[in-house]
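The values are calculated or read from the model by the stated rules, or taken from the named source; none is laboratory data. Everything numeric here is computed off the predicted structure, so don't read it as measured data. Here the Cβ positions follow ideal geometry from the backbone for every residue, glycine too, while neighbour counts run over all protein chains shown.
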């Protein structure tokens with residue numbers, strides 16, 4: 001498989017970046033659900049609530065880096081042509097949805113970072129290194145960042161549902177091979 005995108009499918013770099021973000025977003029949602037419901041004095045799989053928060057923050061920064069890499073790669077290499085199986089309406093909605101997903105990929109980690117820094121919670125990157133706090137404690141900014149983080153996370157669920165739903169509709173119902181353009185180890 002080629003590294004770069006072709007006219008008919010995504011290359012291995014685009015696929016790697018896409019599926020890395022998918023995997024880490026799934027981890028983020030799962031860890032957020034667990035860490036916000038786990039009692040402070042309890043552990044799950046040997047991880048305390050604080051451990052889960054640190055992993056969530058660390059993976060968020062990795063996601064921000066991946067989002068930057070995705071956007072850079074996207075600008076550096078042409079996208080495949082629109083799949084001929086997509087209707088004009090599906091193309092228009094998909095284009096808008098993709099823009100909104102990219103916004104979420106940046107806004108979620110940035111708002112999370114602002115929240116933990118302005119809230120003076122800090123980030124201990126993967127439990128190893130305390131990152132400096134360039135913001136300092138600012139309760140108003142922390143609250144605003146938290147609200148943005150939560151609202152954006154729910155919005156991302158809606159945008160992801162459209163993205164996944166369209167792919168599954170074409171793959172399972174229309175059976176037109178649409179997902180093969182992005183699935184690992186597949187050709188259209």
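Observations on the model:
- Residue 70 under 27 Å from residue 132 (Cα atoms) and assigned to a loop (DSSP other than H, G, I, E, B): no
- Qualifying residue in segment 133-152 (condition: part of a helix (DSSP H, G or I), within 30 Å of residue 15 (Cβ to Cβ), touching a helix residue (DSSP H, G or I) at 6+ places or on another chain (Cβ under 8 Å) and modelled with pLDDT under 95): no
- Annotation note: Cβ proximity below 7 Å between a residue of segment 131-153 that is without any contact (Cβ under 8 Å) to a residue 12 or more places away in the chain and a residue that is crowded, with 17+ Cβ neighbours inside 10 Å and outside any helix (DSSP H, G or I) (sequence gap 6+ or interchain) occurs for 131/123.
- Single condition residue 176 does not satisfy, out of (1) outside any helix (DSSP H, G or I); (2) without any contact (Cβ under 8 Å) to a residue 40 or more places away in the chain; (3) in contact with a helix residue (DSSP H, G or I) (Cβ under 8 Å, 6 or more places away or on another chain): (2)
- Condition check for residue 83: in contact (Cβ under 8 Å) with a residue 12 or more places away in the chain and surrounded by 15 or more Cβ atoms within 10 Å (Cβ to Cβ): yes
- Of the residues making up segment 77-99, those that are at pLDDT 95 or above and more than 23 Å from residue 175 (Cα to Cα) are 96, 99.
- Scan of segment 58-73 for residues that are within 25 Å of residue 163 (Cβ to Cβ) and in contact (Cβ under 8 Å) with a residue 40 or more places away in the chain, ordered by number: 60, 61, 63, 64, 66, 67, 69, 70, 73
- The listed residue being over 22 Å from residue 58 (Cβ atoms) and in contact with a helix residue (DSSP H, G or I) (Cβ under 6 Å, 6 or more places away or on another chain), out of 108, 100: 100
- Hey, residue 7 closer than 30 Å to residue 176 by Cα and free of Cβ contacts under 8 Å to residues at least 60 places away in the same chain or not: no
- Subset of segment 1-58 (residues that are touching a strand residue (DSSP E or B) at 6+ places or on another chain (Cβ under 8 Å), crowded, with 16+ Cβ neighbours inside 10 Å and in a loop (DSSP other than H, G, I, E, B)): 38
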